[in-house]
Every structure is written in C-alpha cells, then in structure tokens.
Amino acid sequence: MNAWRRALAAPSFTSWVSVALMALLFAAGAARYTGFASPQVVLNLLIDNAFLLVIAVGMSFVILSGGIDLSVGSVMALTTMVAAWLLQVAHWPAETVIALALAGGVAFGALQGLVIHGFRLQPFIVTLAGMFLARGLCFLISVDSITIDAPLFLSLSQTQLPLWGGAFLSPGAVIALAVLAAGLWTAHGTAFGRTVYALGGNETSALMMGLPVGRTKVAVYALSGGCASLAGLLFAFYMLSGYGQHGQGVELDAIAAVVIGGTVLTGGYGYVAGALSGVLVLGLIQTLIAFDGTLSSWWTKMVIGGLLFLFCAVQRLLAVRKAGA
Amino acid sequence: MSPAPVLEVTNLHKSFPGVKALSNAHLRLYPGEIHALMGQNGAGKSTLIKVLTGLYTPDAGHLTLDGRAIAPTRTEDAQALGIRTVYQEVNLCPNLSVAENICAGRFPRKPLLQGRRIDWAAVHAEARRVLGQMDLAIDVTAPLSHYSLSVQQMVAIARALRLSARVLILDEPTSSLDDAAVQRLFTVLRRLREQGLAILFVTHFLDQTYALADRITVMRNGETEGEYLASELSRLALVNKMVGAPPDQEPSRLQSRAAPSGEPVLTATGLARRGALQPLDLTVRRGEVLGLAGLLGSGRTEAARLLFGADAADAGSITAAGRTRRWRSPREAIAAGIAFCSEDRKHEGALLDLSVRDNILLALQARAGLRRVLSREQQQALAEDYIRRLGIKTASADTPIGQLSGGNQQKALLARWLATQPAVLILDEPTRGIDVRAKEDLMDQVRTLAHRQDSQGMALLFISSELPEVLHCSDRVLVMRDRRAAGTYARGELDERSVLEVIAAQSSASSASSATSPA
Amino acid sequence: MTSRLAMPSPRPATAATRALRHPLARPLAALILLLATAAVCVPGFLHLEIKDGHLYGNLVDILHRAAPLMLAALGMTLVIATQGIDVSVGAVVAIAGTVACALVGSHGLAVALTAALGAALLCGLWNGLLVSALGLQPIIATLILMVAGRGLAQLMADGQILTVYEPASFFWLGGGWLLGLPVSFFVVAAVAGLTALLMQRTALGLFIQAVGINPVAARLAGVHTAAVVGFVYVYCSLGAGLAGLMIASNIKSADANNAGLLLELDAILAVTLGGGQLSGGRFSLAGSLIGALILQTLTSTIYALGVPPQVTMVVKAVVVFAVCISQSSVWTSRRSA
Amino acid sequence: APITMGFSQVGAESEWRTANSASIKAAAKAAGITLKFADAQQKQENQVKALRSFIAQKVDVIAFSPVVESGWDTVLKEAKAAGIPVILTDRAVKVADPSLYVTFIGSDFVEEGRKAARWLLERAAKTPNATLNIVELQGTVGSAPAIDRKKGFEEVIKTNPKLQIIRSQSGEFTRAKGKEVMESFLKQRDKKIDVLFAHNDDMAIGAIQAIEEAGLKPGQDIVIISIDGVRGAFEAMKAGKLNVTVECNPLLGPQLMQLAQDVVAKKPVEKRITVEEGVFPAEVAAKELPNRKY
Ligand SMILES: Nc1ncnc2c1ncn2[C@@H]1O[C@H](COP(=O)(O)OP(=O)(O)OP(=O)(O)O)[C@@H](O)[C@H]1O
Ligand SMILES: Nc1ncnc2c1ncn2[C@@H]1O[C@H](COP(=O)(O)OP(=O)(O)OP(=O)(O)O)[C@@H](O)[C@H]1O
Ligand SMILES: [Mg+2]
Ligand SMILES: [Mg+2]
C-alpha cells in the first residue's frame, strides 16, 4: 500500500501509465488478431520505427529545453539524399559518406541554434524555415529517388541479428536503442542534460543562475540535427534510397511521440525515456490497424485519431486522479 | 578592515526607456565587511546589482574588482570572477530538485568518463550540508516547486553560499523569511565575514541592517546619496537620507480601540486539505483585522489559499455572503466578495507583460465578466488614482508591470484587490519587499480599511512573517503551528514574546519532521 | 522565450525611431520590400486594370488568395496568445468544405452554410474541451482532430471530390465580386473588424492576454481561464470553417484530402511573421494579417518569377529567414562597453 | 480455404486512388478473396510496416502500389523468405533481384506523357507555321507521376521546335493549386498561352475555372490536355472546356484478383502486364461519359 502510494507520487508516474496502457493495447491486439502475439511483431515495432526513435530522442532534448525543432523530417530526407548522391553519383566510400552526413546534420542543427540564440528568434519559425530549406535542397540535388547499392548499406540493411526462436533485430534498431541509452545518460547524468532541463524550467532563471544558456541552446539544436541525420542514415539503411519526399510529417510524429511519452511541450518536465514509449504507442496503433486490414483510408485516419485520444485521455485522467490523491 | 576595496563601482549610469534607473551610482565593498544597500522602492538597488553581475550592460561607468577593471556581460562571467548573487525574486528552476538548484553549474562529478558523470550522491550530500548551515532539513530530491516561497528563498541563498567567493551579493534575501530563519542566515553571514568575504546586503528592515551591517550605502532616485558607517548613522537619519526629506510626521501610532463587533463575513468550519492543512475553524468579522502568525511552513499560506478557493479543500465548509459551501474556483470566492493577494507575486500575482493599469484592473474586470464596466478614461483615472494613493513608482500607467521594481509591483497588486472593494481581503505577506515608509503606509491603509467609521469596513486577514507587523495591525491574532490553529488571542492578550512562546511550544521538533515531506 | 531581464536597453526614443519601433513597422516593411522586389523583377506585377467591372491584377489576386489564410491566422493568433496551438485548422477546412458541398445541392445554401459552420463549431468545442477541461497539451489535443478530422471529411465524401454545379450563389463567397473587389476581401475585413471590436470593446482581449502571460495568476485574479481557452479554440475553428467554405466555393468543389493541407503551418508562420510570440501573451491581429499577406505575396511572386518548382522551397526558406532575422530584436538593441 | 491477400495502398490522395481502392475491394469480394487492406497515408515507411505485418499474418499473397520505386529489397526478401509471392500494382520497383516480385500490373506514366504529347503534335500539324506556347501544371514535386509524365511529354515535344513550354509550375495535383497557379500564368502578359498541359484532371479542372474567370474560353482560346480520365474530365470535355484526356485506368481490381489466384495456384504469369488505356479527345466524350464509373 505504501509502496503503491509512493509509486503514485513519483514524478515518473505518467510514464508508467504509458507503459501499462501500451501493454493493454498489445494484449487487445493479441486477443483479436492471429499472428499478433509473436515476438517478431514486437521487434518489428523497433525495426520499423528505429529512425523515429532516434529523432524523438533528439527532439526530447529540444522540447525539454523549451524549444521545438520542425526541421528534423527534412534533415532526415536531406541526409538520405546527400548520402545516396555521394554514394551513387560521386562514388565516395560509404564510411566517408556516413561521417560527412552526420557532420552535416550537426552543422545544420547548430546553425539553426545559432540563429535562434544569436538573433533571439523563436525556434518554431527558425526551424520551420530550416524545414523548407532542407526539403528544398533535396529537390535541388534530384527530384527523383536515387537507389543506393553500396555494399555497406546493403549489408546493414539486410543483416538480421538473431535473437531467440527465429526472431531478429536489425542493426538500425540496435543503433536506435544505443542512441536512446546515450540520450538517457546525457539527460539525467551530465551537467549538459541538467542545464537543458533548467532552460526549459525557466530560461531567465537559468541565465541568472549563471548556467551556460547560449552554449546549451546551440548544442541542443546541434544534437537534434545530428539525431535527424543519424535517423536519415538509418532510414537509408532501411529503404536503400535517397528521396526528397522521405520523412514527410516525421517532425509531427516525433513531437507527438515525445509528448505522448509524458514530456511537456513547454519544456522542463519529462523524461527522454518517454520517447521510446511514445514511439512504441504510435507504432502499435499503426500495427493494430495494419493487422485489422478492413479499414479504408479514412477509417484508418479516424481510428488513429480515436486511439490517440483514448490513450491521451486515459493517461491524463489517471494523472489528474494522482494529483488529487 | 583592509584599505583597498574588493569591488568598486564609480559613476554608473543605466537608463531604460523613459526611466533613469541609475545615474551616477557609486559603491565600495571592502573584504571582511557586511555592507547594507538601502533605498526606497525603485531607488535602483536591484538595477545596480544586475549591472554588477553582468545581467544589464551599463550605459556608462566603471567597475573594478581587486583594482582591475571588469566588464561582465554574462552572469557566468561574474561567477567566474567570484561574485555570487542572490537576486531579489527567487530565480531558480522550479522543475529541478532542490539539490540540483543548489549545485547546478558546478556539480560534483564522478571520475568516470573524463569526469562527465554527475555524482548524485555527492550532489545530495552537498545540498544537505549547505542547507544544514541554515538549519533547514528538507528533502533535497523533491522538485523546488513543492516548497513554499520562503523555502525557495533559503535554497537560493544556499546556492550562493555553496562555493567560496570574493563577493557575495544578497538582494532582499530575508523578505519572506521568519525571524528564526533570519537569525540563522545572519550567523552564517557573520562567519563568512570573518573569512574575509565582502558581503552586499539589501533589505528594507532597519533592524536587520543595524543588527548586521558595518557600513551602509544609501541610494535615492538612482543616485548614491552617501556611504556611512552603521555605527555613526542613526535610524532617523537613515530614513531621512533614503526618503530625501525629514518625515513630515511621525508614523501614526496605534490608537487603542474597542474590539470590533461587526457581523462575521467569512467563517470557515473544519476546513482541511490532506497534506496541507488540518481542520481549521476561523471567523473574520467586518471591520476587524485578523492576523495569522506562525513560523515558516506552519500552514498560513495553505489556509489562505483554501479560504480563497485557490486550492480545493477536502473537508469543511466556508460561509460567506450568506451562503455556506466549498469553493470550486477562486472565481466563486471573488464573487462572494473575497480577495487574496498572494505571497508569490512573480508566479501568482503579477502578469509581467501587462501594463500596470491592466494589472490593477484585472480582478475588477474579471468579476464583471466580458462587459467593459469602465471606459478607457475611467480605467486610466482609476489606475492613476491608485498609483498616486499607494505611491507606485512607475513611468506611466502603461508601463509593463515587469519593468517596475519589486516593491512597486507589490503595491500594484494590492491596488488590484483594493479596486474590487472586497468584503474580505486576504493579504499574504503584503509587506514583502516594500520599503520602510511604504510599509507604514500600507499598515495604516490596512487598519483604515478595516476601521472605517461608517461601519462599511472590510474584514482583513493579514499574514506576515514579521511578528511585530502582525501584532501592530491585528485586532485578533490566530497563531498557527504545524498546519493547525494553536489558538486565537485578542489584541492586548499577547505580546511578541508570548506569541513566540506559543509558536515555539512544541514546534522545534515537529518543524523538522514536517520538513521532510513536501506538500 | 527570450529572457526579459537580459534584454539590453533600446536607444532613447525620438519620434522617428518610435515609429520604427511600432510592432507593425517591421512586418509592414517586409511586405513592402517584398512587393517592391516583385515589381522590379516582374515588370507589370503591380499593374491593375478594370476588367468586366472589377479590378484585375496580381495585387487583387494576392488579397483574394490570402483570404483563407488570413481567416485561419486570425484564429491562430488568439489561440497562440493563450499559449496554445491549433494544428487541426486544415482538417476543419476540409470538414466544413465537405459538409457544405454535400448539402448545398440538395438542401440549399442557407442549410449548407449553417451546417458547415456548425460542424466547425463542434470541432472547436471538441478542441477546447480537450485542452481546457481534460487538460491535454494543445498540440496533442488538436493533433487528434488533425488526423481524425480529415478522415471524417473523407468518410462524408466517400473519398470523392464533391463537385458543386448549383446554386450559383454558393460560388459568390469564394469567387464573387463586390464593388470591384473580391467578396473574400470583404469577408476577411468583416471578420477582422468584428474580432478587433470584440477585443477592444469587451474585456476578452485582456483576459486572453492574461491567460497567455500567466494562467496561474490569471486564475487567481478571477479570470475564467477555462472559458477563455475554450473560446479561442472555438473561434479558431469557426475561422477555419469559414476559410473552408471560401476555398470550396472558389473551386466549386470539396477535396477532403487536399483542402487546407498544411494551412495550420502557414497560419502559425503568419502569426510569427506578424510579430506574435508563440510563448503567449501579447498579440496583434493586424500583424497576423500582414504576416499572411507576406506569405501569399511570396507565393505569387515565386509563380510570377517562374521559379522552377524544385527551387521554390529553397526560395521560400531564404525569404522567411531573411524576414525573421530582419525582425530580430537584436537590431534595436545597442551593445555598449 | 479462401485466399488471403494483403494489399498496401498508397493512400486516398486523389479520386483516381479512391476509385482504384474501390475497384480492388469490390473485385476481392467478388472473387471470394479475403482482403487485408492497409492504407499507407502516402508514406513509404508505413507501407514497409504494412508489408511486415502481412508477413507476420502469413497471408497467401501480397500486392501493393509502391509509393516510391526504390528501397524495397529488404522487406521483399523477408517476404520471399516467408514464401509469400508479391504482386506490384500501379508502378514498378527497382530491385536488384527481379525474382523478388512475381509480376507487375499497371500503367506506364512515361507513356501517358508521350500520348498526351503525340496528340498535341497531331493537332499542331494542322497549323504548321504557328508556334504554340505551352504552360505546364506539374504534379507534386518529386512524385513519380509528375516526373514520368513530364519526361514522356518533353521527350515527344522536342521533335517539333514550334512547340515551346514557356512556363511550368507545380499545382500539387489539386484543383485549388491548379487554379491558383493558372491564375498567375494568365497574369503574365509577355507571351500568349496557347496550350495547357496538366499532369492530372483535377489541376486541369481548377485551371479551367481560372481561364473562364479571366474572360477566356477554355478549350478554344487555350487548348487543354490532361491525364487520368476521371469523370469530371469527361464532363468538362462534354462542355467543350477540355480538349483531351489521356486515360490512366484505376480499375485494376478484377485483373489483380485473377492474377492473385493464378499466382497462388502457381500458374505461370507474365512479368509485366499493362492495362488497357486509351486517349479520349473531346469528340468522344459524350459517348464515353455514361461508361465512366468514377
Ligand atoms: N527592465 C526594466 N525596464 C524598465 N525599467 C526598469 C527595468 N528594471 C528596473 N526598471 C526601473 O528602474 C528603477 C529602479 O528599479 P530597481 O529594481 O533597481 O529598484 P529597487 O531599488 O531594487 O527597488 P525595490 O526595493 O522595490 O526592489 C525603477 O523605477 C524601475 O521601474
Ligand atoms: N521550515 C520549513 N521546513 C520544512 N518545510 C517547510 C518549511 N517551510 C515551508 N515548508 C513547506 O512549505 C509548505 C507550505 O507551507 P505554507 O506556505 O502553508 O506555510 P506558511 O505558514 O505560509 O509559511 P511560509 O512562510 O513558508 O509561506 C509546507 O507544506 C511545507 O512542506
Ligand atoms: Mg529591488
Ligand atoms: Mg506563506
């Protein structure tokens, strides 16, 4: 009883609610659809959403710092495009391309951070312009998609890391989990991470406490840009192509995942781990719909909306009950 | 006292649009001294401090530290130079834990991974150690927002005390502390003085100034009026120098007065909220001032919030305006003629980006609903009337309230509630951060509001950590201890000493235990 | 989001600098500069002539085309002023357009318009309830409708584009002319005027600002925060509904899948270009209208210049960056030693 | 046991697509095939997820209309490993190993562009000396139909130097954008517009409104060519406002179900199956209109 009350009072309560709700969703799917309850379905959630998870980790930092980054989807697409072009047209070695793409993402993000901080502009508008810019640059490289057949990418794409009983995980999923772990560690165990929280809690106070506000802000956007380009690489492993239309609306998915995971959009409150539960919830909803297989296009949208509502409403009501207790 | 000042400020100028906040300000800080910076609200004390610490860039002037010119442009710079500051408003992050707020910026690290990893155990131990210096034993892992403003203020001080420094600056650190806490802080400050630190201290409490300071710099209208040794400046002279003219009259002394016999306008029975307040019975009558006395965390603020509907009560009921019920929102309380001036003006009072006029008008307008009750001219007139009556120092009624000095913001918020002409006015630490003169004016106001001759007087609930203030103003005093009433005493039944005895009865043990569980 | 205290002080004001410091000065300057650039690069861009009794030319097109965006931006301004955000605007556009087109042929104009605005109202109520009563974060609350709403519209239209052939009166709203100007212009003017009146003559503007600056303090001052928040979402949806009607009436059909796509982003962009702060508080209706005009002028200029479609995005990004940076408060502040 | 087919559709972004989905659903019902239908909301990643879930559900055959050509190797290998045959509809994919899919049934967007251009060449032949200024309304930037139709059209147009594309802008496949862009084209008064080529019917319909509002006669003052052949286009042709539409047939359902049954029954099928698609000039519109179901 006492332990229960302590769990209720813990600040991570909302995150646990998400986990429980997710388990419930999964159980419902397993009861209803054949083949749903296999381990591979769970692992596919990770494999198929690895790129989203990486972006959401970066986005968590941005949102925790009280900002927002709308450019991630486009930066991801730009990365696939640049990587594909360098590999296929310029014939650069894959390792160089990977390093360059990551550096490019970090630079893009840092630049946005510098503009936001240096000119005291709102992150929303700066990253929105960044979103147009990155997407536009994709089309400048090529409007068509470019297929990637570099051996390193091919093998990363098709390697299956076997787990128990025929189930497997992709290298991309493993990388994403590693990024998540690194994100957790950074957010909760380093001075940088705590400064990010402080910024989101109250930027003026953070400044008056003498915390490195400017540096942290720029670093946060650089981190998000880096995550977006890493996600782009994972996406390139996953799709083996570079294309300007990749990742449409991924920024919204990532923001939704982070917020569903319990992070407050205005900053300062939440956990990086919430990114995982948020991504899994979104993935689970999609899997449920794919398994159902009777929904038309519009019913798909409505069911996604409905499940999202259910999830958020229940999570919220439980949180309110807790606050009242 | 060594001959050379650590920190010297000469000829400092700083203006904001329409306001000259500092013109020709001077200051000298010597190592091993406690230096009081005195001045009326809006005299420029906080601005001076913000310039010193790199938050504002001065228009002109020189700063030297140890004889070398400095020009801090960021607080980080000032910290690196060994200047530690506690600003006037609590400037900490409410979402971080107490320990983090204390250690942020210089966390104890683990040697792992090139020392990047924060050593949380050390962080918590360190936070407990610093708070322990001030006898505050709270759960340092709880978020700062769980604690009342006074605790937050202590945390802010603890943060500044944590690392050794050359100069320590405290801008009204005691504004929401009770006596005991103030004494503990003073002990710490005296010890630091012994260690050779230069301490700059801003307060509006003359007692504290004389108890602590070696030297006093007086500011008036953005200028340095002069620098004096505390031992050579009488209180009256100090006040005169701050105000700029001899006081035209002695502050009104108390006339004794028959206990008011107005009808009860606000009655609470068994009002309680889990974890915040034990069942409380309380009655305020028309024309009387009921004082709430108690120590930090004794539950005065909680009681006020429940009476106003700011928090929902779990049990009990409130009778006001002829009906008995429990509030569901402050709106209902306001409709029943209750007003509440919160102690936390930054987060619960002022709307920093709104003009002074709109801040004053807000409650009145909210009660009226969407319909504009006053024309633009009437609004302006009303606001200007209160600005004059309460002596709010502002460029105009259109100035955003965030640009006012702390004490003037407080006055504007008082005006907000006076404008609604409430039947019951709850004032939680209304004297926080306002200067000597204004404080006396305010207490006079409070008493006149209640004791109007036409029997239309308000009922007031007056909360203050300054015991003398409470005793001075109140017709009856309710003493609170450990979140419950410890007794009600009529005026004259109590003096300062006996109240302290009531408060202290068993609280030394229990305050420490209540401390560990955040609300 | 920028720190209030750390803001370096602006220069002392003279009459000229005070005019420049007016919050609308910079957005307006950006708009004028953009128009001037277009006029220089595209000869005849500003040309206006009378054709069939009404004004004809790029400028009129800009006003006409910007109308739905302006309506959406007005609503978004108020939502943003309360620290909120509404990403469901596009979906509401689709719903209102579909409802109107589905009904107008069979039930007549009045029924169709009422039903469409009624549907928009319901959408707004739903958003408002989720945000103010349930306490969901605005972006998630409206995301739900953003996803589901478009599905709902498609369901109503059965995935088809509903084409309207009559009554011709339906086409008046989005394609008609009045006194030589497009009707849509008058609609926007009326809505903007009414809103401005509402904000100034009643206390609503004050309450919205109060809630946006500090909801806790506003509640303690007695402001009915839930009602205020509910109202702005309803208002925003109604504006979006009207915009949906205008779009449907203009193309004489309802395209549930594409109508108003990404309109919410443009509306937010318009608000910020007009000087609105996404962190809530002060707002400027006129600023948002100018912001919307900036965006539409940019689009029209891009078309007129014949910028290849694959370059369009880059051009748009560069211009948005330029406008933002020119509006940065850094330029007004002085750094002294 | 009845055959189970997993079908991953691109989305419902146009009438054409809706008709395509409807046809497939109806045909599956008629053929007694259990259809698992998943909508990808225009995202390739969603399609991959859907294919993975079909594999997990062990369907008998998978069919899908790929959002993009590239990037299918991995998931198709998984399908192959699970022994599930794959049929492509609507457009082909680029994979290293063609055995990853059994067959492809669908239209050829490049050919559609060529057909549109050929029609224009014929028409231009009637007035050999006049230069014809063409404006083009492209589809969504980067989308396959937009790229391919443009490519096919330009390829053929090049053979006649009198034909010149003077402006080309994206109308994003929608009526609203098509109308807006056309309005802007009409405002530029440096060159007279003779021909409009729209990548789909919706944009053409929007553009027709813009032309009418500018006081011109669509179909006469400006010759209008578009692609898809939806019902609205036929109505416009009947009214003389559109000159020709190149059909892109969405009604693949019956053919697809037949194929699926053959594939599951391990009958040999062709690797590439094209659908019947015509070119419909205005003259035949009235006759053809009653046959248009979508
Ligand atoms: N950011 C600002 N913008 C405009 N004016 C300001 C700003 N900060 C302070 N001022 C003005 O400068 C003057 C000095 O204010 P300051 O805060 O230094 O007073 P103070 O002496 O600390 O008063 P208090 O005792 O009330 O705290 C006041 O008139 C105030 O209105
Ligand atoms: N000295 C203290 N030790 C421990 N906890 C404290 C202390 N002071 C305040 N608190 C915490 O603050 C909470 C709020 O108390 P409340 O604000 O009602 O008291 P108060 O009498 O108004 O005192 P304050 O002077 O702090 O405003 C308490 O529940 C308690 O958790
Ligand atoms: Mg001050
Ligand atoms: Mg208190």
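The modelled label-to-label distance between residue A:215 and residue D:122, using points 7 Å beyond Cα along the C-beta direction, is 7.4 nm.
Counted by Cβ distance under 11 Å from residue D:104, the other residues give a net charge of 0, where Lys and Arg count +1 and Asp and Glu count -1. Annotation: the antiparallel percentage among DSSP beta bridges lying fully within the protein assembly as shown is about 45. Modelled this way, with points 7 Å down the Cα-to-C-beta line, the labels at residue D:216 and residue D:190 are 1.6 nm from one another.
Is chain C best put as rounded, prolate or oblate by its Cα gyration tensor, with a ≥ b ≥ c the root eigenvalues, rounded for a/c under 1.5, and otherwise prolate when a/b is larger than b/c, oblate when not? Oblate is the answer for chain C, as a/c is 1.5 or above yet b/c matches or exceeds a/b.
Across the options B:123, B:17, B:174, the greatest Cα extent toward the positive end of the charge dipole of region B:7-247 (unit charges at beta carbon of Lys, Arg, Asp, Glu) belongs to B:123.
When the Cα atoms of chain A are aligned to their principal axes, the ranges along those axes come out at 65, 58, 38 Å in descending order. Overall, the protein assembly as shown carries a charge dipole of about 880 debye about its Cα centre when +1 sits on the Cβ of Lys and Arg and -1 on the Cβ of Asp and Glu, all other atoms neutral.
Using the structure shown, list the pairs from D:36/D:94; D:126/D:293; D:77/D:150 with a Cα-Cα distance above 30 Å, or answer none. As for pairs spanning more than 30 Å Cα to Cα, those are D:126/D:293; D:77/D:150.
For region C:145-162, the residues whose backbone nitrogen is under 19 Å from a point 7 Å from the Cα of residue D:29, taken along Cα to Cβ, are C:155-160. Straight Cα distances below 12 angstrom link residue B:110 to the aspartates and glutamates B:119, with same-chain residues fewer than 8 positions distant left out.
Quick check: net charge around residue B:108, other residues with Cβ under 12 Å of its Cβ, Lys/Arg +1 and Asp/Glu -1? Walk me through the numbers on the way to the answer.
Numbers: positive: B:106, B:109, B:110, B:117, B:129, B:162; negative: B:100, B:119, B:126.
My count for the surroundings of residue B:108 gives +3.
Between residue D:238 and residue C:49, the FRET efficiency estimated from the beta carbon spacing at R0 = 35 angstrom works out to 0.55. Separation of region D:115-180 from region C:134-149 is 42 Å, based on Cα centroids. Compute the separation of the alpha-carbon centres of region B:331-348 and region D:200-261 and state it in Å as a whole number. Cα centres, region B:331-348 to region D:200-261: 66 Å. Think of the protein assembly as shown as having a plus end and a minus end, set by charges on the Cβ of Lys, Arg, Asp and Glu; of C:239, C:125, B:291, B:291 sits farthest toward the positive end of this dipole.
With an 8 Å Cα cut-off and a minimum separation of 6 or more residues, compute the relative contact order for region D:17-151 in percent.
Values: 134 pairs, mean separation 22.0, N = 135.
Dividing the mean separation by the residue count of region D:17-151 yields 16 percent.
Considering only region B:52-204, what is the antiparallel percent among its DSSP beta bridges, to the nearest 5? All intermediate terms of the calculation are to be shown ahead of the outcome.
Numbers: 4 of 13 bridges.
Expressed as a percentage, antiparallel bridges in region B:52-204 total about 30.
With N the number of residues in region D:115-186, Rg(Cα) / (2.2 N^0.38 Å) evaluates to 1.16. If R0 equals 60 Å, the separation of the Cβ atoms of residue A:99 and residue B:263 corresponds to a calculated FRET efficiency of about 0.15. Excluding same-chain neighbours fewer than eight residues apart, the lysines reachable from residue C:51 by a Cα-Cα span under 26 Å are C:252, D:177, D:179, D:187, D:191, D:192, D:217, D:241.
Counting alpha carbon pairs within less than 8 Å and at least 6 residues apart, what relative contact order, in whole percent, applies to region B:264-511?
On the way: 494 pairs, mean separation 69.0, N = 248.
About 28 percent, as a whole number.
Taking C:34, C:295, C:134 in turn, the Gaussian network model of chain C (Cα-Cα springs below 10 Å) assigns the largest fluctuation to C:134. Dividing the helix sum by the residues of chain B, where each DSSP H run of 4 or more adds -39500 (n - 2.57), gives a mean residue ellipticity at 222 nm of -10000 deg cm²/dmol. Antiparallel beta bridges, as assigned by DSSP with both residues in region B:136-247, represent about 55 percent of the total such bridges. Between the listed residues B:229, C:248, A:182, the Cα displaced farthest toward the positive end of the dipole of the protein assembly as shown, a dipole computed from Cβ unit charges relative to the Cα centre, is found at B:229.
Short-range pairs are left out: with C-alpha atoms under 8 Å and at least six residues apart, the relative contact order of chain A is 35 percent.
Only lysines eight or more places from residue B:346 in sequence, or on another chain, were considered; those with a Cα closer than 30 Å are A:217, A:322, B:14, B:20, B:45, B:50, B:241, B:393, B:411, B:439. Within the shell of other residues whose beta carbon sits under 13 angstrom from the beta carbon of residue C:324, the net charge comes to +3, with Lys and Arg scored +1 and Asp and Glu -1.
What FRET efficiency comes out for residue C:134 versus residue B:378 if R0 is 35 angstrom and r is the Cβ-Cβ distance? Round to the nearest 0.05.
Working: r = 39 Å, r/R0 = 1.12.
Result of the calculation: an efficiency of 0.35.
When each of B:207, B:428 is scored by the number of other beta-carbon atoms lying within 10 Å, the sequence from fewest to most is B:207, B:428.
Along the Cα-to-C-beta direction of residue B:493, a point sits 7 Å from the Cα; which residues of region B:274-305 have their amide N less than 14 Å from that point? Within reach of a label on residue B:493, which here means backbone N under 14 Å from a point 7 Å along Cα→Cβ, region B:274-305 contributes B:282-283, B:290-293. Under 16 Å from a label point set 7 Å out along the Cα-to-Cβ vector of residue B:184, the amide N atoms of region B:138-161 belong to B:138-141, B:147-161.
How much mean residue ellipticity at 222 nm does chain C get from its helices, if each DSSP H run of length 4 or more adds -39500 (n - 2.57) and you divide by all residues, to the nearest 500 deg cm²/dmol?
Working: 14 runs with 224 residues, N = 337.
It comes out at -22000 deg cm²/dmol, rounded to the nearest 500.
Listed by Cβ neighbour count within 10 Å, with the fewest neighbours leading, A:301, D:36, D:238, D:293 appear as D:293, D:238, D:36, A:301. Once both labels are positioned 7 Å from their Cα atoms along Cα-to-Cβ, the gap between residue C:202 and residue A:120 label points is 3.5 nm.
Rounded, prolate or oblate: pick one for the protein assembly as shown, where a ≥ b ≥ c are the square roots of the eigenvalues of its C-alpha gyration tensor, a/c under 1.5 means rounded, and failing that, prolate if a/b is larger than b/c, else oblate. Note, shape of the protein assembly as shown comes out prolate. Neighbour counts of C-beta atoms inside 10 Å place C:300, C:106, D:70 in the sequence C:106, D:70, C:300, starting with the fewest.
FYI, it's all coordinate maths here, none of it is from the lab. Nothing here was measured: the structure is a model prediction, and the numbers come from that model. Heads up, the Cβs are rebuilt from the backbone with ideal geometry, glycines too, and the neighbour counts pull from every protein chain shown.
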